[in-house]
Amino acid sequence: MNATIPAPIRPPAPPGTSAQPYWNPYAVGALLGLVLLASYLVAGRGLGATGAFSSVAAWIANAISPEHALANPVHARYLASGSPLTAWLVFLLIGAFAGAALSGWLAGRTRLTIEKGPRLSGGQRLATAAGGGIVAGIGAKIAMGCTSGQALTGGSILNVGSLVFMGSVFAAAYAAAWILRKEWL
Amino acid sequence: MLPLSSTLELSQAANLGLAVLLGFGFGFALERAGFGSARKLTAVFYFYDMAVVKVMFSAIVTAMAGLFLLSTAGVLDLAELYVEPTSYAGAIVGGLVFGVGFLVGGYCPGTSVAACATGRLDGFAFLAGMLGGVYLFAELLSGVDAWVRESAVGEITLPALTGLSMGWYVLLFIGILVAAGLAMRAAERRFAGLRPPG
């Protein structure tokens, strides 16, 4: 693979074998759709990721200054006395971490590395990842959801706002992909 | 009658255990699709690997068909499911900002968790950035938050908006998926040369 990528911390597969290929995208999509459906059937709501970040951010703010956190209308929504839904999404992401870890491990894909375009150094890539994360976090808050909570979850129930969100995301990302093509190509 | 949450009062522990279980399936599927890799995710924006659209679209169609069939069979009450209120301004502005963050950062919030779980350091950087962005939004942009919430016009779904029942949309989306699948196969062949080495 790429010589600049750090060596694996532990060989994911026996020497001479390589990581397994990804599953067929349509098959994985159907599996993901069934997980989403199961979430609707048992919990009455779909999947989500942004809410977990909002909860953690509110907890951090609360740890620094409870008065300040409760006075902030955004943080306060995620601190509302023991609201189980906010913690629900944190547990969902803990489960997602475990599920992805097991999948990657079984397929021999787990290793310490940096995913980047060929022109970027590792340090540059960490900067774009962090910067992009900040922008995505702000965007997800404005949109009241992200690719999980809006696009997937809302899309499957034909939520109009979610479908508009999805169109906006892809429009902006395709435009940015052309302008910033040196980051990935 | 489903959803279970409408008829059964689960204990807090059972509820959170359920969240972990559902999340496990969520994360497992994301990683199996290759979405723990920023290169795989951003490939969709250069047309040489359309897996992101294939996975998302087939997941949406699968869940939509399931919701429709179960509600038609009378075992699921769609009215009991949570639908996020629509704010057109929030969806458009937030979507545009999020799209730029997705391309530059290489992940979305959920997939960055899958990246971390398989050792991708850029996944950790994105995750930290995302947390910072959400924190900054709460501290500096609570006015925007209030504006978006005020601009929300309620729970609007396409069937309610158009009067066309959900079953027709399931058929329509299956049709679009088949057509898009053929188009994506052609696009992947045409743009195969854009795939970076390594």
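The values are calculated or read from the model by the stated rules, or taken from the named source; none is laboratory data. Quick caveat, the model's predicted, so the values are computed rather than measured. Ideal geometry is used to build each Cβ from the backbone, glycine not excepted, and the neighbour counts take in all protein chains shown. Areas reflect the complete protein model, heavy atoms only, side chains present, ligands, DNA and RNA absent. Shrake-Rupley method; radii C 1.70, N 1.55, O 1.52, S 1.80 Å.
Quick notes on this one:
- Selected residue [assigned to a helix (DSSP H, G or I), open to solvent by less than 10 Å² (accessible area, probe 1.4 Å) and closer than 27 Å to A:F97 by Cβ] from B:L30, B:L22, B:L103, B:L16: B:L103
- Which listed residue is of a type in the set (V, I, T), more than 7 Å from every other protein chain (Cβ to nearest Cβ) and crowded, with 18+ Cβ neighbours inside 10 Å, from A:V90, A:V164: A:V90
- Filter pass, A:I157 being farther than 17 Å from B:G129 by Cα, more than 18 Å from the chain's Cα centre (by Cα) and more than 7 Å from chain B (Cβ to nearest Cβ): no
Residue-by-condition table, conditions (1) closer than 21 Å to A:Y26 by Cα; (2) in contact (Cβ under 8 Å) with a residue 40 or more places away in the chain; (3) in contact with a Lys or Arg (Cβ under 8 Å, 6 or more places away or on another chain); (4) hydroxyl-bearing (S, T, Y):
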residue: B:I156; (1), (2), (3), (4): no, yes, no, no
residue: B:L161; (1), (2), (3), (4): no, no, no, no
residue: B:Y169; (1), (2), (3), (4): yes, yes, no, yes
residue: B:L172; (1), (2), (3), (4): yes, no, no, no
residue: B:F191; (1), (2), (3), (4): yes, yes, no, no
residue: B:P196; (1), (2), (3), (4): no, yes, yes, no
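- Lone unmet requirement of (1) under 20 Å from B:S142 (Cβ atoms); (2) surrounded by fewer than 23 Cβ atoms within 10 Å (Cβ to Cβ); (3) more than 7 Å from chain B (Cβ to nearest Cβ) for A:A52: (2)
- Residue check, A:Y26 more than 8 Å from every other protein chain (Cβ to nearest Cβ) and open to solvent by 30 Å² or more (accessible area, probe 1.4 Å): no
- Output for region B:70-89, where each listed residue is under 16 Å from the mean Cα position of the chain (by Cα) and buried (at least 22 other Cβ atoms within 10 Å of the Cβ): B:V83, B:E84, B:T86
- Taking the criterion of being open to solvent by less than 40 Å² (accessible area, probe 1.4 Å) and facing chain B (nearest Cβ under 7 Å), the only residue of region A:118-127 that qualifies is A:R125.
- Residue ID - nearest to the other protein chains (Cβ to nearest Cβ), chosen from residues in region B:98-119 that are polar (S, T, N, Q) and in contact (Cβ under 8 Å) with a residue 60 or more places away in the chain: B:T118
- For region B:45-94, a tally of residues being out of contact with any Phe, Trp or Tyr (no Cβ under 7 Å at 6 or more places or on another chain) and of a type in the set (F, W, Y) returns 4.
- Within region A:128-154, being at the interface with chain B (Cβ under 7 Å from one of its Cβ atoms) and over 22 Å from B:G132 (Cα atoms) holds for A:A151, A:L152, A:G154.
- Any chance A:S39 is part of a helix (DSSP H, G or I) and at pLDDT 95 or above: yes
- Test for B:T62: is it among the hydroxyl-bearing types (S, T, Y) and either more than 21 Å from B:W168 (Cβ to Cβ) or in contact with a strand residue (DSSP E or B) (Cβ under 8 Å, 6 or more places away or on another chain) (or both): no
- Of residues in region B:33-56 being more than 7 Å from chain A (Cβ to nearest Cβ) and in contact with a Leu (Cβ under 9 Å, 6 or more places away or on another chain), the one most open to solvent (accessible area, probe 1.4 Å): B:F47
- The condition of being more than 30 Å from B:A65 (Cα to Cα) and open to solvent by 40 Å² or more (accessible area, probe 1.4 Å) does not hold for A:I114.
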